[in-house]
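Asks: Below: one structure in structure tokens.
Read the figures in this text as sums done on the coordinates, not as results from a lab. These numbers were taken from a predicted model, which means no experiment stands behind them. Every residue, glycine among them, receives a Cβ derived from its backbone with ideal geometry; neighbour counts consider all protein chains shown.
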Amino acid sequence: MEEQAYFYGTGRRKTAVARVKIMPGRGTIVINGVPYEELLSRTELRQMVIKPLVVTETLSKYNVVVKTEGGGIAGQAGAISHGIARALVKANPDNRLKLKRNGLLTRDPRAKERKKAGLRKARKAPQYTKR
């Protein structure tokens, strides 16, 4: 079977979407044309992004190119992590069990709840006074 140039995965979190391509390489991660160290200043977010690569022990085996949009920086980091995990499963189906055990293939369903009529926010009601 012929080797594919890259493996693709789509990750989502809240309103953020990340389109991830992984290809054999030395381990560089580029997000929207910028190295991920420059884009993600918080250590937790950097760790979140590389976690699928660390779990599968492929950190220095693949170069990662990401296009991401929507949401905030934390939502985008979660989406990137999800996308990398999905791409790693396509690259090597043996990775699936490791990633699943670490909860990296599960789409986080939490999102902002919509505002309801008669309330100030999704659940916050106006202050009640008896008279």
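Asks: Provide, for the chain, the number of lysine pairs with alpha carbons under 13 Å apart, each pair being eight or more places apart or on different chains.
Replies: So the count of such lysine pairs works out to 8.
Asks: Can you give the local net charge around residue 66? Use residues other than it whose beta-carbon is closer than 11 angstrom to its beta-carbon, Lys and Arg +1, Asp and Glu -1.
Replies: +2
Asks: Using Cα springs under 10 Å in a Gaussian network model of the chain, which residue among 84, 22, 73 shows the largest mean-square fluctuation?
Replies: 73
Asks: Pull up the DSSP beta bridges for the chain and report the antiparallel fraction as a percent, rounded to 5.
Replies: Working: 17 of 20 bridges.
Antiparallel bridges: around 85 percent, rounded to the nearest 5.
Asks: Another question, then. Quick query: amide H of residue 62 versus all other amide H atoms, modeled in the peptide plane; which residues come in under 5 Å with a sequence gap of 5 or more or a different chain?
Replies: Residues meeting the amide H criterion: 25, 27.
Asks: In whole Hz, what ³J(HN,Hα) sequence does the range 69-79 give by Karplus (6.51, -1.76, 1.60; θ = phi - 60°), x for Gly and Pro?
Replies: After applying 6.51 cos²θ - 1.76 cosθ + 1.60, I find 8, x, x, x, 5, 6, x, 5, 4, x, 5 Hz.
Asks: Output the relative contact order of the range 7-101, whole-number percent, from Cα pairs under 8 angstrom with separation of 6+ residues.
Replies: Relative CO of the range 7-101 lands at 45 percent.
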